[in-house]
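To start, the structure itself, in structure tokens.
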Amino acid sequence: LSIGFSFPYAGTAYTQVRIMSNGRLQFGNTYCGHGTQTTGPPPTYPFPYPNASLVRTIRIYGADLDPSLGGSVRYAALGSTPNREFVVTWYDVPEWNQAGSAFRLQMVLREDGSFVVRFGASVNSSAGKAQIGWEIGTTDYATHTFSSIGALANSAIRWSV
């Protein structure tokens, strides 16, 4: 998808991004991979950072979100130069094979190269702890630790250069 401006990430100015239903954005990376839990409960998720298949990605939650079961994934380009933003929202998207789960998540790419992950009220019936963070390469990545997705409700994390 077109971002609507040049987003500087990993030393490259990207004008396009892939939105993955599993809670990540990808730049110049077409890898899909499923996010299905590998064990549980509580579930664990494949493809943790670092992972050579996930270079140039940003992960808002990184679980096996499945909008085919409900909810929606929306996106929009907003603002004007030099303060444009590309906003992606996962709205009430459930996790695969987790009845009663619903995630409200939002990722904002800013024209200055920073990005924000926002967490609304979410219900995670599996109590899994998926990763939040970014990966440029397998030696250049960061993740955020949290006690549960519920602990992040109504909060945001801003990452900047």
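Tabulated results
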quantity	calculated
Sites Ser6 and Ser53 - FRET efficiency at Förster radius 22 Å, r taken between beta-carbons, to 0.05	0.30
Highest average packing first - 151-160, 101-110, Cβ atoms within 10 Å	101-110, 151-160
Calculated SAXS-style log₁₀ I(q)/I(0) at q = 0.16, 0.19 Å⁻¹ - the chain, Debye, Cα scatterers	-0.86, -1.23
Computed E for Asn97/Trp159 - FRET, C-beta separation, R0 25 angstrom, nearest 0.05	0.25
Per residue accessible area of the chain, 1.4 Å probe, in Å²	46
Within region 48-73: backbone nitrogen closer than 18 Å to the Gln16 label point (7 Å, Cα to C-beta)	55-58
Shape call, region 71-156: gyration tensor on alpha carbons, a/c limit 1.5	oblate
Share of carbon and sulfur in the accessible heavy-atom surface of the chain [1.4 Å probe, %]	52
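The values are calculated or read from the model by the stated rules, or taken from the named source; none is laboratory data. The structure displayed is predicted, hence computed values, not measured ones. Glycine gets a Cβ as well: all are built from the backbone with ideal geometry, and neighbour counts include every protein chain shown. We work out accessible area using only protein heavy atoms, side chains counted, and drop any ligands, DNA or RNA first. Shrake-Rupley method; radii C 1.70, N 1.55, O 1.52, S 1.80 Å.
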